[in-house]
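Notes to accompany the following structure.
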């Protein structure tokens, strides 16, 4: 770039093109949506099969969810590595990250509080309401409609839970993450590959 | 005609750097270099000028044993950029 004075029009064009160029690469690769989508999908289907197929009680099957701690450890390592490679930090990236941190903390707290008050029947609908919040907000921030609809879908299934038996609510959880995280995750991955090709 | 425009910002490369930094939270030297197509030497000189004017903050650190330069716009830089754009708009309106 030449170091010289330039006209007002050129100056505005330069500002516009630089702002666009700073944000032209789509930064969300969908990896964590796919990770958590598949982890929750596998855990809920496994718990459903254990309860309906092997007739085990929920207090004997909730252990399958311990698998999420493995995913959490993997996620922490993944984010640490990703941050080392990052050349730029955007405001949207930071906001989306904090939305999901808040979701993680509130979900763990709600699951613990409901469990300790013997309100296990409420766990699945409350989880579905909570899944919808970060999904919807991420969709708005990233301007990505599949996530917005995914969030709305989670809230709809939370209402459907009122008419569904507890065991079958696990299938609603699996359907929710399939629609809200797994499908948008693959779409985000495709979009990321195209934008960074 | 451009007497009201901030001379620090009214230079192609410095304006490009500030425009990039206004739209992100922080960026590495190499990211700015790639986006502006500038040479490392020229970019380094202009970044120092912006830093001396108090428009940007420059943080030097090590990442896996390699030096890394991170740039971030300051509140003074944001204010200067806003008044630069305002003056430019006023000038362009008068011209029309």
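The values are calculated or read from the model by the stated rules, or taken from the named source; none is laboratory data. A quick note: this is a predicted structure, and the numbers were derived from the prediction, not measured. Note: ideal-geometry Cβ built from the backbone for every residue, glycine included; neighbour counts use all protein chains shown.
Restricting A:60, A:75, A:119 to those that are away from chain B (no Cβ under 14 Å) and either surrounded by 13 or more Cβ atoms within 10 Å (Cβ to Cβ) or within 17 Å of the chain's Cα centre (by Cα) (or both) reduces the list to A:75.
Kindly indicate whether residue B:51 is touching a strand residue (DSSP E or B) at 6+ places or on another chain (Cβ under 9 Å) and assigned to a helix (DSSP H, G or I). In short, yes.
Do you know which residues across the stretch B:10-21 are under 17 Å from residue B:72 (Cα atoms) and within 7 Å of chain A (Cβ to nearest Cβ)?
Start the filter on the stretch B:10-21 by keeping residues that are under 17 Å from residue B:72 (Cα atoms), which leaves B:13-21.
Result: B:13, B:15, B:16, B:19, B:20.
Do we find a residue being at pLDDT below 85 and within 8 Å of chain B (Cβ to nearest Cβ) anywhere in the stretch A:28-40? No; the residues of the stretch A:28-40 include none that is at pLDDT below 85 and within 8 Å of chain B (Cβ to nearest Cβ). You will find that of A:27, A:97, A:71, the residue that is in contact with a strand residue (DSSP E or B) (Cβ under 9 Å, 6 or more places away or on another chain) and under 30 Å from residue A:197 (Cβ atoms) is A:27 and no other. One residue stands out among those in the stretch B:10-34 that are in contact with a strand residue (DSSP E or B) (Cβ under 8 Å, 6 or more places away or on another chain) and in a helix (DSSP H, G or I): the one that is farthest from residue B:77 (Cα to Cα), which is B:31. Every condition in (1) more than 14 Å from every other protein chain (Cβ to nearest Cβ); (2) crowded, with 16+ Cβ neighbours inside 10 Å; (3) at pLDDT below 95 is met by residue A:108 except one, and the failing one is (2). If you go through the stretch A:160-178 and pick out every residue that is within 11 Å of residue A:132 (Cβ to Cβ) and either without any contact (Cβ under 8 Å) to a residue 40 or more places away in the chain or over 17 Å from the mean Cα position of the chain (by Cα) (or both), you end up with 0.
This table checks each residue for (1) farther than 19 Å from residue A:90 by Cα; (2) in a loop (DSSP other than H, G, I, E, B); (3) more than 8 Å from chain A (Cβ to nearest Cβ).
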| residue | (1), (2), (3) |
| --- | --- |
| B:4 | yes, yes, yes |
| B:8 | yes, yes, yes |
| B:38 | yes, yes, no |
| B:57 | no, no, yes |
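Of all residues in the stretch B:22-44, those satisfying the criterion of being more than 22 Å from residue B:66 (Cβ to Cβ) and touching a helix residue (DSSP H, G or I) at 6+ places or on another chain (Cβ under 7 Å) are B:22, B:23.
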